[in-house]
Amino acid sequence: MSAYGYDAVVIGGGVSGIMASLTLASRGFKTALVSRGDPVCCLSTGCIDVFSHSDEPLGGIRALLPDHPYSLVGEKGIVDSLSFFLEIMGEAGLPYEGDPGRNRKILTPIGSTKNTCLVPRTMAHADMPPGEYLHVISFQGIKDFFPSYITSRHRNSTYSVYDAGVPTTLGIAARFDDASFLDAFITWLRGLEIPLDRVALPAVLGTIDPDSVMEKISRAIGRKVFEIPTLPPSVPGLRLFRALKRVMQNRGIHLYWGKGVTSVECQGRTVEAVTLATTGRAKRVQGRAFVLATGSFVSGGLFAGRDSVRETVFDLPVAAPGERKDWFNTDFFSGAHGIERAGVRVDRDFRPVGAKIDNLFACGSILAECEIMSLQCGHGLAVATGVAAAKSCAQELS
Amino acid sequence: MVVTFFHDMFHEESSYMIKTDVVIIGGGATGCGIARDLALRGVHHYLVEKGDFANGATGACHGLLHSGARYAVTDPEAARECIGENAILRRIARKCVETTGGLFVRLPGDSKRYRDTFLSNCEEAGISTEVLSATRALDLVPELNPSIEEAVVVPDCSIDPFRLCMLNAFTSRHKGGGILTHHKVIDIVRERGRCTGVKVLDRFTSQIKEIRAKIIINATGAWGDTLARMGGSDAPMTLSKGSLIISNHRLTNMVINRLRPPSDGDIIVPNEAVCLAGTTSIPVDDPDAIEVDPREVDLVATQAEQMLPRFGTTRLIRAYTGVRPLLKAEASDSRSISRGFKIIDHKNGMFSILGGKLSTYRLMAEKTVDAVVEEFGIKARCKTADIPLDGQDELSGYPLSKRLKGIDNIVCECELVDRAQVENAINSLGIQYIGDIQHRTRLGMGPCQGGFCTYRALGIMQETGRLTPDESIEILKHFLQRRFRGIRPALWGDQLREEQLVESIYLGILNMGQRA
C-alpha cells in the first residue's frame, strides 16, 4: 500500500468539501481532497441559494433555531464565506454576483420565478422588471425545456426554436463553445423580426466561457440576454463544479478523484488515515485532521436503511427522526419532511457530537437540522459551513 | 409500439342519450370480460368505467394467473375453477400470459403434514405437481433461499391485467359495443322501481350522458354495494385491503409461493422487468380511502426476503394497495373467506357480480352473461373459452430491440419509451390523461417512477395542443402528489436517494413547493 501524508484531508468533493479545502489551503496547510466522483452540485441550478424561502436571506437566517448549522456559523461568518466564494469564482473566470442581504429572482423552465442569492453572470438579467418584453429561444428536440410554459405565464413574451443539431443540453452547450456555431446562431437570431427587450435561453451558452458567449450575443442584438437553469444534467451546475475544481488544482490541493473511502484508521481518539478504493493497490491517505463533507442521502454521506439512518464513512452518531413512518409526511410539496433534519450533529467548532474522535470536523448537507429542501439553502449552507469547519480545523492544526 | 387498435374508442359520443341492451358498469377484468362475452353472443352493450381500465382491484393485484394450488387446501372449489381457467387463458390470451410456472417452497419449520395435504388436494383438483429437491429448485431459481427444504412445481403464470382488459374490450368495440372510460356513473335511472339506465359524467368534458338499457350489470368490484344501492337494492360484501411492493429487479423467472396455509406476503410474481410481492389482508370499509401503511411494506418485504433473500437488499420502487371484493361471510379472518363468486339478480333490471378473482374473470363473465341472456330469452352459447382474444397480433410486447429503435429521442429512460410512442398515444388514441399514456406505453413505470418523464410527457401533451400549459402544470402537481403516495411507504436505501433527487428537481429547480 502506498501512503501519503497531509495536514488536512477533506472527504467529499461537493461545494462544502471544496470550500473547506480552499480555506485550509489558503492558510498554508497541505491539503488533500478525496471524492468518490463528481458531486451533486452538477445537477443543481448552479446558483447559490443561501435562504430562498424568504426574500432576505440574512433576515430569514436570523429567525432560525440555535441548532441550525447556519446559527453555528453566525451572520458574519456567513457573509465572509460568501465573499470568499465570490473571490474564488472571480479567480476561476466564472464570476458570480449577488447580495446576501437581498435575494434576486431567476426564471425556471416552467415559467415561475425562484429566489436565489448569488448567480453566475449569465443569469444576472433574469430578474426582469414587469412589463418588459421577453423572447425565449428553445432548441429543436430539447427534452426538458418547453417554452410555452414560460410564454403562457408572461404577458409580453414569444418564443422561437433553433436547430442546434443535437437535442441534449450538454450537447448544445458544447456546440456554443465553437465560434462558427455561435456566429451562425447570432445570424439567425438577428433575422428574427420581433420587438424584444430581453432574450432568454435554456442554460446552454457554452461549457467553458459562458460570459463571453452571452456578451457576444448581447452585443450583436443589442438586448440583455440571460439563461434559464434546466433539469439535470445541468450545464450551470457543471460549470460551477469545474470552475471550483480548477481553483483547487491551481492552489495545489491534492485531489483523489473517483475513489471512495473503504476504511478508517484510528489511534485512540485520533483519526490517522483513510484507505481509498482504487483499481490497483489501495492508497492510504494520512492526515493530522479530517473534514467530513460527504453530503446527505443523494451523495451517499448518509444512508437510510429500512429502520435507521447511518453515516457511511466513520459510522458517526446520526440524529434521525424516529421510525420510518415519521421520515416523510404525506405532502410531496411541503419539502418539510422529518428526514430533512437527519444528519450529524456538531458543536460550535463543527466537531461531531458524540463521536469518539477529536480531529474530525463536519460540514455541508450531512449536518443535522439543515432542512435544505424546505428552506432552499443548499449551496449557501455548503459554503458557510465548509469555510467554518475548515477554520476550526485550521485552529486545531496550529 | 403502443397498441394502436383503440383508435376510435375515445371519440366523443355526439348524442347525450344512448340506447342499448346492456350497460356494464366497471372496466376491470370482469366488466371487460362480460363486454367481450356479450359481443360474441351478439348482445349490444355499453361499458362505462370511471377511470382507465383495471382501475380497481384488477390493476392492484399480483398479476398472478393462479394454478389453483394456493387454494387447494382451503378452498377446493376455487382451486378447481382456477386450474380450469388457467388452461383456457393460456390458450386464448397468449400475449397476456407469461407461462412462468410456479414454485411452492417449503422453508425450515414449515409443516410437512401441510405439504402432504397440499399435494393430495392438488391432485384431487386436477392441478399437476412435481416435487423438487432443494438442489433442483435452486437450479431453476438461483436466487431462492438456499436453506429451503424442498419445492413443488405448479402451473402458475404471470398475467398482465391491464392488457387483458384492453384486449377483452377490443373485441367488444370491434363488434359494435361502446366502451366509455373516464365516465363515472352519477345516477341510475329508475322507472317504477326498475333500473332502466345510467347517467354518466364524462370526466374530461364534464358532459352528462344518459345510457338507456334493458339490463344493468354491476361489475364494480369493491364499489358493488354502492352501485347496487344506487339502483335501490344492496350487495353486501366484505372488503379486504391487500398491499404489495415492487422490486426494481426481476429476481425470479418463476412465481414463488410459500408452502404453508395462505398468509401475508407469501407470493412473489415476476412481471416484465420487476417482481411483485404481497400481500396483506386487512378489512376496510371504504374502498376510496385506502393507504399503504409502512408496516405492511415491512411485513411483505420480510416475508418475501425469506423466500428470495435478495428482496431484502434490492431497491423497492413502490408499494400499492387494492381492495378485494369478497363475498360476505361469517368468518372474521378475511383470508378464510371463499374466493368464489356469486351473481345476484336484484329483480329490478340489475345484476351484480360479486367476489371472484382475476384468474376466474372469464368464468365469472360467462355465468353473468348466461343469466342475462336467459332474462332476454335468447339462446346463445358462450364462446369466450374457444376463441383467442382479438388484437393480440398487434401487440409488440416488451422486446428491448423494438424499444431501442427510437433511442435518439427517449422520453422515459427507465422503460425506453420514445417521443414517437408518446405522440402516437396522444394523437391516434386521443388520450387525455397522463395515466392512460403510462398504462399503454409503460412510461414512468421504472425506478424513478415518472420522476423525470412525466414532466416531459406533459410538455409534449401541451405542445400537441391537448392541454394548456396551466392545465399541464396542474396535472403534473396532481401526478407528483399521487405518485408520492405510492412511493412514501417504501422509502429507504437507494430509492430514498432517488426520491430526494426528484424532490430537488420539483421543489428546488422548478420551485413548485408550497412554502415558496
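For (1) part of a loop (DSSP other than H, G, I, E, B); (2) hydroxyl-bearing (Ser, Thr, Tyr); (3) in contact with an Asp or Glu (Cβ under 7 Å, 6 or more places away or on another chain), each residue gets a yes or a no:
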residue	(1), (2), (3)
B:Tyr114	no, yes, no
B:Ser120	no, yes, no
B:Thr135	no, yes, no
B:Pro146	yes, no, no
B:Ala151	no, no, no
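If you go through the range B:289-310, how many residues are assigned to a loop (DSSP other than H, G, I, E, B) and touching a strand residue (DSSP E or B) at 6+ places or on another chain (Cβ under 9 Å)?
5
Could you pull out the residue among B:Ser128, B:Ser120 that is surrounded by fewer than 18 Cβ atoms within 10 Å (Cβ to Cβ) and farther than 27 Å from B:Ala365 by Cβ?
From the options B:Ser128, B:Ser120, the qualifying one is B:Ser120.
Is the range A:125-134 home to any residue that is away from every other protein chain (no Cβ under 11 Å) and assigned to a helix (DSSP H, G or I)?
Scanning the range A:125-134 turns up at least one residue that is away from every other protein chain (no Cβ under 11 Å) and assigned to a helix (DSSP H, G or I).
Which condition does B:Val48 not pass, out of (1) touching a strand residue (DSSP E or B) at 6+ places or on another chain (Cβ under 6 Å); (2) over 20 Å from B:Met254 (Cα atoms); (3) not assigned by TED's automatic domain parsing to the domain that holds B:Tyr361, if it passes all the others?
(3)
So that you can scan it fast, the table gives a plain yes or no per residue for (1) at the interface with chain A (Cβ under 7 Å from one of its Cβ atoms); (2) closer than 23 Å to B:Asp160 by Cα:
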position: B:Gln449; (1), (2): no, yes
position: B:Ile460; (1), (2): no, no
position: B:Glu463; (1), (2): yes, no
position: B:His478; (1), (2): no, no
position: B:Trp492; (1), (2): yes, no
position: B:Leu501; (1), (2): yes, no
position: B:Ile505; (1), (2): yes, no
position: B:Leu510; (1), (2): yes, no
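Considering each residue of the range A:334-351, count those that are within 14 Å of another protein chain (Cβ to nearest Cβ) and either more than 27 Å from B:Val297 (Cβ to Cβ) or at pLDDT 90 or above (or both), and give that number.
7
Looking at B:Leu416, B:Leu404, B:Leu363, B:Leu429, which is the one that is among the aliphatic types (A, V, I, L, M) and either assigned by TED's automatic domain parsing to the domain that holds B:Val43 or at pLDDT 90 or above (or both)?
Result of the check over B:Leu416, B:Leu404, B:Leu363, B:Leu429: B:Leu363.
Every residue, every condition in (1) β-branched (Val, Ile, Thr); (2) assigned to a loop (DSSP other than H, G, I, E, B), yes or no:
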{"position": "A:Gly165", "(1), (2)": "no, yes"}
{"position": "A:Leu170", "(1), (2)": "no, no"}
{"position": "A:Ala174", "(1), (2)": "no, no"}
{"position": "A:Ala184", "(1), (2)": "no, no"}
{"position": "A:Trp188", "(1), (2)": "no, no"}
{"position": "A:Leu196", "(1), (2)": "no, yes"}
{"position": "A:Val204", "(1), (2)": "yes, yes"}
{"position": "A:Glu215", "(1), (2)": "no, no"}
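Considering A:Pro195, A:Pro210, which residue is touching a residue at least 60 places away in the same chain (Cβ under 8 Å) and within 26 Å of the chain's Cα centre (by Cα)?
Of A:Pro195, A:Pro210, the one residue that is touching a residue at least 60 places away in the same chain (Cβ under 8 Å) and within 26 Å of the chain's Cα centre (by Cα) is A:Pro210.
Residues in the range A:225-237: is at least one modelled with pLDDT of 95 or more, away from chain B (no Cβ under 14 Å) and under 18 Å from A:Thr108 (Cβ atoms)?
yes
Does B:Lys19 count as of a type outside the set (S, T, N, Q), within 16 Å of the chain's Cα centre (by Cα) and either modelled with pLDDT of 95 or more or open to solvent by 10 Å² or more (accessible area, probe 1.4 Å) (or both)?
So B:Lys19 does not fit the description; no.
Restricting attention to the range A:97-107, which residues are within 14 Å of another protein chain (Cβ to nearest Cβ) and surrounded by fewer than 22 Cβ atoms within 10 Å (Cβ to Cβ)?
Answer for the range A:97-107, where residues must be within 14 Å of another protein chain (Cβ to nearest Cβ) and surrounded by fewer than 22 Cβ atoms within 10 Å (Cβ to Cβ): A:Arg104, A:Lys105.
Failed condition for B:Gly430, given (1) assigned to a helix (DSSP H, G or I); (2) more than 9 Å from chain A (Cβ to nearest Cβ); (3) under 27 Å from the mean Cα position of the chain (by Cα); (4) surrounded by fewer than 19 Cβ atoms within 10 Å (Cβ to Cβ), with all others met?
Only one criterion in (1) assigned to a helix (DSSP H, G or I); (2) more than 9 Å from chain A (Cβ to nearest Cβ); (3) under 27 Å from the mean Cα position of the chain (by Cα); (4) surrounded by fewer than 19 Cβ atoms within 10 Å (Cβ to Cβ) is unmet by B:Gly430, namely (1).
Would you tally the residues in the range B:74-127 being under 27 Å from B:Asn271 (Cβ atoms) and under 27 Å from the mean Cα position of the chain (by Cα)?
Result for the range B:74-127: 34.
Out of the residues in the range A:134-161 that are hydroxyl-bearing (Ser, Thr, Tyr) and open to solvent by 50 Å² or more (accessible area, probe 1.4 Å), which is modelled with the highest pLDDT?
Going through the qualifying residues, I end up with A:Tyr159.
Would you tally the residues in the range A:312-333 being within 9 Å of chain B (Cβ to nearest Cβ) and closer than 13 Å to B:Pro489 by Cβ?
Result for the range A:312-333: 7.
Rundown of residues vs (1) open to solvent by 10 Å² or more (accessible area, probe 1.4 Å); (2) in a strand (DSSP E or B); (3) at positive phi; (4) among the β-branched types (Val, Ile, Thr), yes/no style:
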position: A:Ser218; (1), (2), (3), (4): yes, no, no, no
position: A:Thr230; (1), (2), (3), (4): no, no, no, yes
position: A:Gly237; (1), (2), (3), (4): no, no, no, no
position: A:Arg242; (1), (2), (3), (4): yes, no, no, no
position: A:Lys245; (1), (2), (3), (4): yes, no, no, no
position: A:Ser263; (1), (2), (3), (4): yes, yes, no, no
position: A:Val271; (1), (2), (3), (4): no, yes, no, yes
position: A:Val274; (1), (2), (3), (4): no, yes, no, yes
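Tally the residues that are among the polar types (S, T, N, Q) and more than 18 Å from the chain's Cα centre (by Cα), restricting the search to the range A:216-248.
Residues that pass the stated criteria total 1.
Being within 14 Å of chain B (Cβ to nearest Cβ) and open to solvent by 10 Å² or more (accessible area, probe 1.4 Å) is the filter here, so list the residues in the range A:108-124 that pass it.
Those that are within 14 Å of chain B (Cβ to nearest Cβ) and open to solvent by 10 Å² or more (accessible area, probe 1.4 Å): A:Ser112, A:Thr113, A:Asn115.
Residue under question is B:Glu423, and the condition is that it be out of contact with any helix residue (DSSP H, G or I) (no Cβ under 6 Å at 6 or more places or on another chain), away from chain A (no Cβ under 11 Å), over 30 Å from A:Thr116 (Cα atoms) and in a helix (DSSP H, G or I); does it hold?
yes
The values are calculated or read from the model by the stated rules, or taken from the named source; none is laboratory data. Everything numeric in this text was worked out from a predicted model, so none of it was measured. Counting neighbours? That spans all protein chains shown, and the Cβs are built from the backbone with ideal geometry, glycine included. Note: accessible area is taken over every heavy atom of the protein model, side chains too, but ligands, DNA and RNA are not part of it. Shrake-Rupley method; radii C 1.70, N 1.55, O 1.52, S 1.80 Å.
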